[in-house]
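See structure below.
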């Protein structure tokens, strides 16, 4: 609003100056009467065209300049924000890089600790498995020993029976058999049933 008033005031002042300049030029020439009005109309026409151009540029150009300035200002603001963000990322990266060695050292220590714990767990598991295998083996050995004893007893009994049978077959003669049967029958007669 103020800009328009100042432009209009400037145009009015320029027009007045041109008018007075044209009048002064016409008075200085003092020559022909027909040349002065023509010259005066040329200056008035120039002043009108200049005023129209100044008014047109005063109306059209400031909004265009303002829009361009706002665009530039927003671009500068965006660029500053992007620069600040990039600088933050750079500082973060530098801090991480500075602490990277510590992190790597910590990770190595943790990995060694985990590996030691895992080795100890595996050792304990191996001991436990070895104990289980030993118990299982002992049980199997005892079972095999029992089976061998039973088999040995069975074999010994069979051999004893076979030996007794062979001995009995040698010692059992027909007279011995008759004596045994007679003894058996006598024992039956003496029994109440």
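The values are calculated or read from the model by the stated rules, or taken from the named source; none is laboratory data. Note that the structure is predicted; figures quoted are calculated from it, not measured. Neighbour counts run over all protein chains shown; Cβ positions are idealised from the backbone, glycine included.
Among the residues of segment 89-108, not a single one is surrounded by 10 or more Cβ atoms within 10 Å (Cβ to Cβ), more than 25 Å from the chain's Cα centre (by Cα) and modelled with pLDDT of 90 or more. Is segment 70-79 home to any residue that is assigned to a helix (DSSP H, G or I), under 28 Å from the mean Cα position of the chain (by Cα) and over 30 Å from residue 10 (Cβ atoms)? Scanning segment 70-79, I find no residue that is assigned to a helix (DSSP H, G or I), under 28 Å from the mean Cα position of the chain (by Cα) and over 30 Å from residue 10 (Cβ atoms), so the answer is no.
State whether the residues of segment 38-51 include one that is in a helix (DSSP H, G or I) and exposed (fewer than 10 other Cβ atoms within 10 Å of the Cβ). Spell out how you get there, then give the answer.
Pass one, segment 38-51, residues in a helix (DSSP H, G or I): 38-51.
If we keep only those that are exposed (fewer than 10 other Cβ atoms within 10 Å of the Cβ) too, we end up with none.
No, because not a single residue in segment 38-51 is in a helix (DSSP H, G or I) and exposed (fewer than 10 other Cβ atoms within 10 Å of the Cβ).
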